[in-house]
Amino acid sequence: MSERSVGLRQRILNLLVAFSLSVCLSIGLSQAMATDLDIAATTEYSWNLPDWTPKPVVPDNNPMTAPKVELGRHLFYEPRLSITGEYSCASCHKQSLAFTDGKKVALGSTDESHARNSMSLANVAYSPVLTWANPLMTSLENQALIPIFGEHPVEMGMVGKEQQMIEWMQNDPEYQRMFEVAFDEEQPVNIANLTKAIASFQRSLVSFKSPYDRYRYQGETTAISAAAKRGERLFNSERMECFHCHSGINFSDSIQHENLAFTETAFHNTGLYNVDGQGSYPPENIGIKEITQESGDMGRFKAPSLRNIALTAPYMHDGSIETLREAIAHYQAGGRTITEGEYAGVGSANPYKSGFVKGFEVTESEIGDLVAFLESLTDEEFITNPNYSDPNLE
């Protein structure tokens, strides 16, 4: 069973909406609210999905088109979207690492350390909530505003530079052409369309062609090793409990797609910390409690997809676990014990910890099997697909 749903606070929602509108108003709110008639959606987008995979849910006011996705790809890799001219979305989301960055926590364009680890963008279109711990962040279009214009922390650092951004895109013949093709509008170059294009590219980042997929869904019995098959059985056992939070086609219990009648959203406290012996987490990372202000939400974060997990180390919301074996050891113990330092505590005794994190006994051989299973979720085609790569290197 999933954990209790999150109560959304209207005042926080109002703040989010106000932030989005404050940016859009400076460049024309009417275009931010464009209808289907305002958008060039002349053909149905080809998702390149296996037959067994449902399509993602796409917002009505931003249908997928090939020109829009291609524009978004260029913008995703565009360093001129940062204050330094040397930093892009891809700086924190590298294709070779399943669109993560390999760092413990992200670094912004001004080298400011962030509080959290860069999440993978693989199959982000199937996630009903974005980021580690914001139940209000449900739109890729809105989310794109945060890294570009956010100040706490600074990522791209472009707050107050909206008009400057529009002008250089309008003066760049290639961008002007791509915006005109992607958006059938009189003045297509604007911030609202920029975020729609980036969101469309992010939705295109689908990953369902791992060895495990060939084994489980296409009947290729030799696609994964005997060890990986044993690891799959352990993963789905009541002894390990892994499948409760990492289930379904995306190995996450936060999921949405066209075949679901309702959206599934969940956040969990895994006993990673217990700073004061009463359940506290480090102050900069208290989970969705930061939004809900509910004490029981302390330390609750989204369970990320396990697809391509072997490529996305280090792990957890703060990158504090370095390897898959260490991650398994954390769950084996039913929560992490930190013996010294400012965050010392016995995570297994955290009163807010999920009931699914109970601990288990496991042999070294079984740990190897689990790792083999997780490694079988790596999609080599995804991390080398030229449709997702930097167009500047072509």
In the range 146-157, which residue that is crowded, with 22+ Cβ neighbours inside 10 Å and touching a Ser or Thr at 6+ places or on another chain (Cβ under 7 Å) is farthest from Asn48 (Cα to Cα)? Gly157
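Quick one: is Pro304 in a loop (DSSP other than H, G, I, E, B) and touching a residue at least 40 places away in the same chain (Cβ under 8 Å)? Walk me through how you get there before you give the answer.
Values: in a loop (DSSP other than H, G, I, E, B): yes; touching a residue at least 40 places away in the same chain (Cβ under 8 Å): yes.
Answer is yes for this residue.
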Take Ser348 and tell me if it is crowded, with 19+ Cβ neighbours inside 10 Å, within 30 Å of Ala227 (Cα to Cα) and either touching a residue at least 24 places away in the same chain (Cβ under 8 Å) or touching a helix residue (DSSP H, G or I) at 6+ places or on another chain (Cβ under 9 Å) (or both). no
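Restrict the check to the range 212-235 and report whether at least one residue is in contact with a His (Cβ under 9 Å, 6 or more places away or on another chain) and not hydrophobic (A, V, I, L, M, F, W, C).
So in the range 212-235, the residues in contact with a His (Cβ under 9 Å, 6 or more places away or on another chain) come out as 235.
Filter once more, keeping what is not hydrophobic (A, V, I, L, M, F, W, C): none.
No - not one qualifying residue is present in the range 212-235.
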Within the range 311-318, identify whether any single residue is crowded, with 21+ Cβ neighbours inside 10 Å and over 15 Å from Asn269 (Cβ atoms), and answer yes or no. yes
Qualifying residues in the range 186-236 (those that are assigned by TED's automatic domain parsing to the domain that holds Pro67 and surrounded by fewer than 17 Cβ atoms within 10 Å (Cβ to Cβ)) - the one farthest from Ser365 (Cα to Cα): Glu186
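Name the residue, out of Arg80, Arg116, that is of a type in the set (Lys, Arg) and under 18 Å from the mean Cα position of the chain (by Cα).
Numbers: Arg80 fails: under 18 Å from the mean Cα position of the chain (by Cα).
The conditions single out Arg116.
Have a look at Trp132, Trp168 and point out the one that is in contact with a strand residue (DSSP E or B) (Cβ under 7 Å, 6 or more places away or on another chain) and at negative phi. Outline the logic, then answer.
On the way: Trp168 fails: in contact with a strand residue (DSSP E or B) (Cβ under 7 Å, 6 or more places away or on another chain).
Being in contact with a strand residue (DSSP E or B) (Cβ under 7 Å, 6 or more places away or on another chain) and at negative phi holds for just one of Trp132, Trp168, which is Trp132.
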Would you pick out the residues in the range 372-394 that are among the charged types (D, E, K, R) and either modelled with pLDDT under 95 or farther than 18 Å from Ile309 by Cα (or both)? Asp390, Glu394
Within the range 354-383, track down each residue that is in a helix (DSSP H, G or I) and touching a helix residue (DSSP H, G or I) at 6+ places or on another chain (Cβ under 7 Å). Glu366, Ile367, Gly368, Asp369, Leu370, Val371, Ala372, Phe373, Leu374, Glu375, Ile383
Looking at this structure, is Arg177 touching a residue at least 24 places away in the same chain (Cβ under 8 Å) and either more than 15 Å from Pro79 (Cα to Cα) or surrounded by 23 or more Cβ atoms within 10 Å (Cβ to Cβ) (or both)? no
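Please return the ranges of helices (runs of 4 or more DSSP H) entirely within the range 120-192 where 3 or more residues are closer than 29 Å to Val206 by Cβ and of a type in the set (A, V, I, L, M).
145-149, 173-182
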Selected residue (only one of Arg239, Arg300 is surrounded by 22 or more Cβ atoms within 10 Å (Cβ to Cβ) and either more than 23 Å from Gly345 (Cβ to Cβ) or touching a Gly at 6+ places or on another chain (Cβ under 8 Å) (or both)): Arg300
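Residue by residue, here is whether (1) touching a Gly at 6+ places or on another chain (Cβ under 6 Å); (2) among the polar types (S, T, N, Q) holds:
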residue	(1), (2)
Glu78	no, no
Leu81	no, no
Glu86	no, no
Gln95	no, yes
Lys104	yes, no
Ser109	yes, yes
Ser113	no, yes
Asn117	yes, yes
Asn123	no, yes
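Rundown of residues vs (1) touching a residue at least 12 places away in the same chain (Cβ under 8 Å); (2) in contact with a helix residue (DSSP H, G or I) (Cβ under 7 Å, 6 or more places away or on another chain); (3) not in a loop (DSSP other than H, G, I, E, B), yes/no style:
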| site | (1), (2), (3) |
| --- | --- |
| Ser207 | yes, yes, no |
| Asp213 | yes, no, yes |
| Glu220 | no, yes, no |
| Ile224 | yes, yes, no |
| Ser252 | yes, no, no |
| Gly271 | yes, yes, no |
| Gln278 | yes, no, no |
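The values are calculated or read from the model by the stated rules, or taken from the named source; none is laboratory data. Keep in mind it's a predicted model, so treat the numbers as computed, not measured. FYI the Cβ positions are ideal-geometry reconstructions off the backbone, even for glycines, and counts take in every protein chain you see.
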